[in-house]
Amino acid sequence: MRTFLDAKAMAKSLRTSLTQRQIALSNSECLEIVAAQFALKDWNTLSAKIEAAPGAADGGQRSPNTGPALRKAVPILRIFSVEKAKEFYVDFLGFAIDWEQRYGDDFPLYAQVSRSDVTLHLSEHHGDASPGSTVFITMQGIADYHRELSAKNYRYNKPGIQDAPWDARVMELSDPFGNRLRFSEPNRPPK
């Protein structure tokens, strides 16, 4: 998975793919598209974010004595219908499609969706993930999110909020493929 630190490589890859499809875009236009994929105003904003990122000065390399540095985990969820996935994740849950990738026409989709600080990968590829996974998502404003979802009147899911034994309020939803998203808001602010 690439991050915003790989933005130039992403723009180059985009330009190469578009050129193969006889779509001509300049390097700067591709950089602007990549910035938009990260929900940033323009390339200059993304560039400043890259320069300010920890480890950016040394090319992202860590000195050997600092130990491992784990970054954000991104769950991969198996899907079987692009239309149903978009209806659930985009139309209902309010996630945005960050990017979509296919190796060719009539190939399985691999896509990234996000909302706030949550990023999910959705895959039609056999073997990428097993249906029935649960993603635990901590959040604030669960009552507001519940109202937002209820107002959409999505016919396949009518979530409720429950008290959880870990002193939190929880709203669990199942996607059309059997994956569960467990939204959890602690009753007390985190320390």
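When you scan the range 142-159, do you find a residue that is under 20 Å from Val74 (Cα atoms) and without any contact (Cβ under 8 Å) to a residue 24 or more places away in the chain, even just one?
Taking the range 142-159 first, the residues under 20 Å from Val74 (Cα atoms) are none.
No, the range 142-159 contains no residue that is under 20 Å from Val74 (Cα atoms) and without any contact (Cβ under 8 Å) to a residue 24 or more places away in the chain.
For Val113, indicate whether it is among the hydrophobic types (A, V, I, L, M, F, W, C), in contact with a helix residue (DSSP H, G or I) (Cβ under 7 Å, 6 or more places away or on another chain), modelled with pLDDT of 95 or more and surrounded by 12 or more Cβ atoms within 10 Å (Cβ to Cβ). Quick ask: steps written out before the conclusion?
Working: among the hydrophobic types (A, V, I, L, M, F, W, C): yes; in contact with a helix residue (DSSP H, G or I) (Cβ under 7 Å, 6 or more places away or on another chain): yes; modelled with pLDDT of 95 or more: yes; surrounded by 12 or more Cβ atoms within 10 Å (Cβ to Cβ): yes.
Yes, satisfied.
Which one of these is of a type in the set (Gly, Ala, Ser) and over 20 Å from Arg78 (Cβ atoms): Ser174, Ser116?
Ser116
The conditions are (1) without any contact (Cβ under 8 Å) to a residue 40 or more places away in the chain; (2) surrounded by 10 or more Cβ atoms within 10 Å (Cβ to Cβ); (3) within 17 Å of Asp91 (Cα to Cα), and Asp175 fails exactly one of them. Which is it?
All conditions are met except number (1).
Taking the conditions exactly as written (on the phi < 0 side of the Ramachandran plot, open to solvent by 50 Å² or more (accessible area, probe 1.4 Å) and at pLDDT 95 or above), does Arg155 satisfy them or not?
On the way: on the phi < 0 side of the Ramachandran plot: yes; open to solvent by 50 Å² or more (accessible area, probe 1.4 Å): yes; at pLDDT 95 or above: no.
So Arg155 does not fit the description; no.
Between a residue in the range 116-140 that is closer than 14 Å to Glu185 by Cα and any residue that is of a type in the set (Asp, Glu), which pairs come within a Cβ distance under 7 Å, given they are 6 or more apart or on different chains?
Matching pairs, first to second residue: Met139/Glu185; Gln140/Glu185.
Select from the range 77-101 the residues that are aliphatic (A, V, I, L, M) and crowded, with 16+ Cβ neighbours inside 10 Å and list them in ascending order. Don't jump to the end; show me each part of the working.
Residues of the range 77-101 that are aliphatic (A, V, I, L, M), as a first pass: 77, 79, 82, 85, 90, 93, 96-97.
If the condition is that a residue be aliphatic (A, V, I, L, M) and crowded, with 16+ Cβ neighbours inside 10 Å, then Leu77, Ile79, Ala85, Leu93 are the ones that fit.
Looking at the range 149-168 only, could you name the residues that are out of contact with any Phe, Trp or Tyr (no Cβ under 9 Å at 6 or more places or on another chain) and of a type in the set (Lys, Arg)?
Arg155, Lys158
Return the residues of the range 53-72 that are closer than 24 Å to Ser116 by Cα and either modelled with pLDDT of 75 or more or open to solvent by 80 Å² or more (accessible area, probe 1.4 Å) (or both); say none if nothing qualifies.
We begin by selecting, within the range 53-72, every residue closer than 24 Å to Ser116 by Cα; these are 53-56, 69-72.
Once the filter is applied, which keeps residues that are closer than 24 Å to Ser116 by Cα and either modelled with pLDDT of 75 or more or open to solvent by 80 Å² or more (accessible area, probe 1.4 Å) (or both), the range 53-72 yields Pro54, Ala69, Leu70, Arg71, Lys72.
Pairs needed: first member in the range 68-89, closer than 13 Å to Tyr110 by Cα; second member anywhere, open to solvent by less than 60 Å² (accessible area, probe 1.4 Å) and charged (D, E, K, R); C-beta distance under 6 Å; at least 6 residues apart or different chains.
Ile79/Glu124
If the requirement is being at pLDDT below 95 and out of contact with any strand residue (DSSP E or B) (no Cβ under 6 Å at 6 or more places or on another chain), which of these qualifies: Gly178, Gly141, Gly132, Gly160? Before the answer, list the steps.
Numbers: Gly178 fails: at pLDDT below 95; Gly141 fails: at pLDDT below 95; Gly160 fails: at pLDDT below 95.
Step by step, each of Gly178, Gly141, Gly132, Gly160 is checked, and only Gly132 is at pLDDT below 95 and out of contact with any strand residue (DSSP E or B) (no Cβ under 6 Å at 6 or more places or on another chain).
The values are calculated or read from the model by the stated rules, or taken from the named source; none is laboratory data. Note that the structure is predicted; figures quoted are calculated from it, not measured. Methodologically, a virtual Cβ is constructed for each residue, glycine included, from the backbone with ideal geometry; neighbour enumeration extends over all protein chains shown. Accessible surface areas use protein heavy atoms only, side chains included; no ligands, DNA or RNA. Shrake-Rupley method; radii C 1.70, N 1.55, O 1.52, S 1.80 Å.
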